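Student: For reference, the structure I am asking about is given below.
The values are calculated or read from the model by the stated rules, or taken from the named source; none is laboratory data. Note that the structure is predicted; figures quoted are calculated from it, not measured. Quick reminder, even Gly has a Cβ in these numbers, built from the backbone with ideal geometry, and neighbours come from all protein chains shown.
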Amino acid sequence: MMELYTRLTSRLDRVDWLLPTLARVVFAGVLLFYFWVSAMTKLGDGLGGLIWLSDTAYVQIFPKAMDAAGYDASQLGLGYWLVAVMGTWAEFLLPFLIVVGVLTRASALGMIGFIAVQSYVDVYGHGVDAATLGTWFDNVSGAAIADQRAFWVFLLMVLVIKGGGPISLDAAVRSVSQGVTPKAARVSGVQPR
């Protein structure tokens, strides 16, 4: 019985490439547009809106500072502007890089940091309630922060550890730089990571 189990599960070791590829597909299906829509709510008017964000951006990112400034973003300093712009750009750029598989490990690590900051702002800036915050090891699995974001971070940790997989621009660049074409990599058993 154990031999049969070992023989069947050993085949899974040969599809190691599947895990990072599926992680990127799941990220695209579940989180790509979540982050992009969130970033779009922060943009100002026109092309300049990529740099001169809406007041909504500052309310979302710095709720207590905006309250103290009478909801006038011009009262906030340069540091607030820089963090808001960089955070908004990160919401667009990092998910895109993950989905296409460019700098996948660094992008996934950046998203983990982004989620940590996002969670901190939700808890301490917006003062989310206990049900939204949630706890682990209880009978409720749908809390937006403790439960859902743990899965987000786990998904991203797969990409930090495994990379983008063979169906990514990272793998294509690595193959070209090593002089190995994708077909030669499959034939020779070279595993682009």
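Student: Taking region 117-141 as the region of interest, how many residues are part of a helix (DSSP H, G or I), of a type in the set (A, V, I, L, M, F, W, C), out of contact with any Gly (no Cβ under 9 Å at 6 or more places or on another chain) and touching a residue at least 12 places away in the same chain (Cβ under 8 Å)? Even if it seems obvious, please write down each step before you answer.
Tutor: Taking region 117-141 first, the residues part of a helix (DSSP H, G or I) are 117-125, 130-133.
Narrowing the set further to residues that are of a type in the set (A, V, I, L, M, F, W, C) leaves 117, 121, 123, 130-131, 133.
Checking which are out of contact with any Gly (no Cβ under 9 Å at 6 or more places or on another chain) leaves us with 121, 123, 130-131, 133.
Now restrict to residues that are touching a residue at least 12 places away in the same chain (Cβ under 8 Å): 121, 123, 131, 133.
Of the residues in that region, 4 qualify.
Student: While we're here: Restricting region 144-193 to residues that are among the charged types (D, E, K, R) and surrounded by 14 or more Cβ atoms within 10 Å (Cβ to Cβ), which is modelled with the lowest pLDDT? Spell out how you get there, then give the answer.
Tutor: Restricting attention to region 144-193, the residues satisfying the condition of being among the charged types (D, E, K, R) are 147, 149, 162, 170, 174, 183, 186, 193.
Filter once more, so that each one left must be surrounded by 14 or more Cβ atoms within 10 Å (Cβ to Cβ): 147, 149, 162, 170, 174, 193.
Details: Asp147: 87, Arg149: 92, Lys162: 94, Asp170: 88, Arg174: 85, Arg193: 50.
Applying the filter and picking the extreme gives Arg193.
Student: Residues to consider are Val99, Val117; find the one that is at pLDDT 85 or above and farther than 24 Å from Ala65 by Cα. Explain how you work it out, then say what you get.
Tutor: Working: Val117 fails: farther than 24 Å from Ala65 by Cα.
Going through Val99, Val117 in turn, just one is at pLDDT 85 or above and farther than 24 Å from Ala65 by Cα: Val99.
Student: Under 9 Å by Cβ, and 6 or more places apart or on different chains, what pairs join a residue from region 1-22 that is touching a residue at least 24 places away in the same chain (Cβ under 8 Å) with one that is hydroxyl-bearing (Ser, Thr, Tyr)?
Tutor: From region 1-22, the pairs are Pro20/Thr104; Pro20/Ser168; Thr21/Ser168.
Student: Go through region 23-56 and count every residue that is closer than 13 Å to Ile98 by Cα and either out of contact with any helix residue (DSSP H, G or I) (no Cβ under 9 Å at 6 or more places or on another chain) or in a loop (DSSP other than H, G, I, E, B) (or both).
Tutor: Residues that pass the stated criteria total 1.
Student: In addition: Just to be sure, is Ala69 touching a Gly at 6+ places or on another chain (Cβ under 7 Å), assigned by TED's automatic domain parsing to the domain that holds Tyr124 and surrounded by fewer than 20 Cβ atoms within 10 Å (Cβ to Cβ)? Explain how you work it out, then say what you get.
Tutor: Details: touching a Gly at 6+ places or on another chain (Cβ under 7 Å): no; assigned by TED's automatic domain parsing to the domain that holds Tyr124: yes; surrounded by fewer than 20 Cβ atoms within 10 Å (Cβ to Cβ): yes.
Considered against the rule, which asks whether it is touching a Gly at 6+ places or on another chain (Cβ under 7 Å), assigned by TED's automatic domain parsing to the domain that holds Tyr124 and surrounded by fewer than 20 Cβ atoms within 10 Å (Cβ to Cβ), Ala69 comes out as no.
Student: Right, something else. So which of Val26, Val15 is β-branched (Val, Ile, Thr), at pLDDT below 85 and out of contact with any Asp or Glu (no Cβ under 6 Å at 6 or more places or on another chain)? Spell out how you get there, then give the answer.
Tutor: Details: Val26 fails: at pLDDT below 85.
That would be Val15, the only listed residue that is β-branched (Val, Ile, Thr), at pLDDT below 85 and out of contact with any Asp or Glu (no Cβ under 6 Å at 6 or more places or on another chain).
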